[in-house]
Structures are given as C-alpha cells and as structure tokens.
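One structure is given here, and the rest of the page talks about it.
The values are calculated or read from the model by the stated rules, or taken from the named source; none is laboratory data. Just so you know, these numbers come straight off a predicted model, no measurement behind them. Cβ atoms come from the backbone with ideal geometry, glycine included; neighbour counts cover every protein chain shown. Accessible surface is based on the protein model in full, side chains and every heavy atom, while ligands, DNA and RNA are left aside. Shrake-Rupley method; radii C 1.70, N 1.55, O 1.52, S 1.80 Å.
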Amino acid sequence: VLFEDFSPGKNGLSHLLSSLKERASLGRPVRLAFLGDSFIEADIFTQDVRSLLQSRYGGSGVGYVSMHSDFPGFRRSVIQSGEGWEVHSVLKPKEVDWKVMTLQQQYFVPLEGATAQYRGTAKIEHADSWALSRFVFIARQDCSVELKIADGEWQVFPVAGSHEIQSLAVEGQTPRFQVRVGNPRGFAAIGAWLDDVQGIAVDNISTRGYSGLSLGALSRERAIQMDSIVPYDAIVLQYGLNVMTPEILHYGSYARKMTEVVRHLRECYPHTDIILMGVGDRSRKANGAFVTMPAVVALSEAQRRAARSAGVVFWDTYEAMGGHNGMLDYVANGQANKDYTHINHKGGKRLATEFVKSLEYEMNREGL
C-alpha cells in the first residue's frame, strides 16, 4: 500500500527523507511521532515500526514515555513504575491549562515526592537500553529536580523558574532512568524521553477515546518550544475509531475539521512532514456473520479527502489490513481482539511491517 502524496509538489515526505539521508551528520535521531487513540495504545504497532527502522538505520530506546500510566504492564516496550502524579488530559478539557498543553495532549502535576522509573526490556529489539535520558517540564518557580540513571547516584539539578519549556538530560548508556520531583507550585511535567543520540526515534503518543480534533487548538508558541527540544521529522496521525458510528456513512464535517487540524499542525511544525493514516478495518455482526462496517470505508475516504485538502500524505490502513473483511483474518490469526476493532501486539507487528514496507519504498526511490 503506497503512500498517497497530495502535497502540491509531491514532496510530502521531503523532510523525513532528507533527514534520513543526512542522518550521519544530523547530530540527533531522525524522529517520527505517532499520535493516535486506543488502536496504538501501549505502543502497539509503533513498537514494531520503531524496532524495524532501528534495525536498519540504528538507534535505541523508546522515545517519549508519560510520567504515569493507568495500565503500566500493558505496554511491553518499557517497564514503567512510580507514583505521585496528577494527570491532566485532553479528555477532560475543562480541567486542563491549555497554555501548558503540548503535542502530547497531557501533562502531569507532581504531588510531594513524585517519582517515575523506566526500565528497558529485552522483549522488544533495541529497547533494553538507551544513551540519552531526558525529562521535559515547565517550572514556573525556582526548584530542583533529581535524576538518576542505572545504579548511579542521584543527580540534583537546580531549575530556574520560567514559563518556557525546559529539559534536563543525563548522557550515558543505561537500562534505567529515574525522576524525582518535590511539589513546587506551577510545575507541570510533559514527559520523559529515552533515546539514542543517532539513528531513529519513534514516539508513541496515544490517548484512549480521543478523536484528535482538539489538536487544532495546540499553542503555536508551545510547539515551537518543544520543537527546539524534541524536533520531529514526521508526525503521523492515527485517529478515527472514536469518530466512527456504524449507522453514519457521511463524514464530511469530520473531514473539514481534520483538514483544519492538519493545516494547524503544519503551521506549528513547518519543518515536519504530516502523514494521515486512514482508519483500520472494523467488523460488526450482520446476518449471523462478522463483516466490515460500511462506515469504515466511508470514514477512510473522508480521511483521504482531508489529506488531499490539506496537501499532505495519506496511508490507507484499511487496505493495508487486507481491505474488506481484513479484520476477520486478524482475529482468526490471533492478531486482533474479539471486539473486531482493536489489533493486539501480534497484529501490530503485522501492520507495522506493512507500514515500514511503504516507507522503505519511498526510501529506496531516494536511494536510502
């Protein structure tokens, strides 16, 4: 399934391909962000996109990790633990400070003695250790942050109060990273990044139950600040499950809203390629048998129209899963849940292989 490039100059992947070509002298990893919903929750799909690309182009670590997870054992690519973080998410829009919100669509306020720990795992290739551990945050008043890698000593970092996004980093190959924060007023943690200093980095930024539409309200100022710390060569948008309704076959309004979201992201990240993924296959029971919902095709086409209108790249997830009744094959092979909606880790690996094939086709065209 080839990428459909709707950019005016057919150069919708130019930033990503250029960075890959120059990766030896880039001074940082080539980085992709996947923004999505429960379809890619727990690093499903993205963990295998990451490991496949890192095997070819180098790199290690899992990139972005939140400060708190309600289901820490669900994600297999990192072992996460800790306590004392108050979660502020886009899912509760009246309870968040939108001036703080970044592309991650959530932030974390530390309670007294908040801690977070991340450990590598050998279950996923290239995820057992990394070379650069970073903590990204906003600290509105002077405070201190403690960081620790491996079995070393805690390092205390004095932080000057600022309304800008700040980052602290500890270099050194490590299988473990720990963060410890007191309870300073006006402090908001954005997340941790576990990276290499070269190769490929892939961030999983998933929010269960989210449509992606409020990304159109992302602060351009915050995006610029984040881009100076965590620059992206490509942002991939994977949404749709929380928009689709079996009885609805017309998604013109959604297509128009998503077009505006994509245009806004291009303004926030002008040096970043945008790839819009279509919704994956989903089945429902009809006449005693599971079949593809007609809404899947309708929504996928609406997402294609949004990509065309915004002038970005589109990838047809539905076709990559096999098209009509593709989900049935995933379920039959133990690669998707019996809800006939969500792929599992095995299915994520299968779909990731298709995505990377599509990307490698573009890379090979450029001689990469």
Taking the residues in segment 54-72 that are open to solvent by less than 70 Å² (accessible area, probe 1.4 Å) and free of Cβ contacts under 8 Å to residues at least 60 places away in the same chain as candidates, determine which candidate is nearest to Gly113 (Cα to Cα).
-> His68
With the condition kept exactly as written, say whether any residue in segment 290-309 is aromatic (Phe, Trp, Tyr) and open to solvent by less than 50 Å² (accessible area, probe 1.4 Å).
-> no
Out of the residues in segment 310-328 that are open to solvent by 20 Å² or more (accessible area, probe 1.4 Å) and not in a helix (DSSP H, G or I), state the one that is nearest to Ile235 (Cα to Cα).
-> Gly322
Quick check: anything in segment 156-168 in a strand (DSSP E or B), of a type in the set (Gly, Ala, Ser) and over 23 Å from the mean Cα position of the chain (by Cα)?
-> no
Top-ranked residue of segment 89-137 - restricted to ones that are open to solvent by 40 Å² or more (accessible area, probe 1.4 Å) and touching a helix residue (DSSP H, G or I) at 6+ places or on another chain (Cβ under 6 Å), ranked as farthest from Pro231 (Cα to Cα) = Glu125
Determine which member of the set Glu95, Glu22 is in contact with a strand residue (DSSP E or B) (Cβ under 7 Å, 6 or more places away or on another chain) and without any contact (Cβ under 8 Å) to a residue 60 or more places away in the chain.
-> Glu95
Which of the residues spanning segment 274-289 are open to solvent by 10 Å² or more (accessible area, probe 1.4 Å) and either at negative phi or touching a strand residue (DSSP E or B) at 6+ places or on another chain (Cβ under 7 Å) (or both)?
-> Arg282, Arg284, Lys285, Ala286, Ala289
Complete set of residues in segment 236-271 that are open to solvent by less than 70 Å² (accessible area, probe 1.4 Å) and either part of a helix (DSSP H, G or I) or in contact with a His (Cβ under 6 Å, 6 or more places away or on another chain) (or both) = Gly252, Ser253, Tyr254, Ala255, Met258, Thr259, Val261, Val262, His264, Leu265, Cys268
Looking at this structure, is Glu366 at pLDDT 95 or above, under 23 Å from Arg50 (Cα atoms), of a type outside the set (Ser, Thr, Tyr) and open to solvent by 20 Å² or more (accessible area, probe 1.4 Å)?
-> no
Selection from segment 221-235 of residues open to solvent by 10 Å² or more (accessible area, probe 1.4 Å) and outside any loop (DSSP other than H, G, I, E, B) yields Glu221, Arg222, Ile224, Gln225, Asp227, Ser228, Ile229
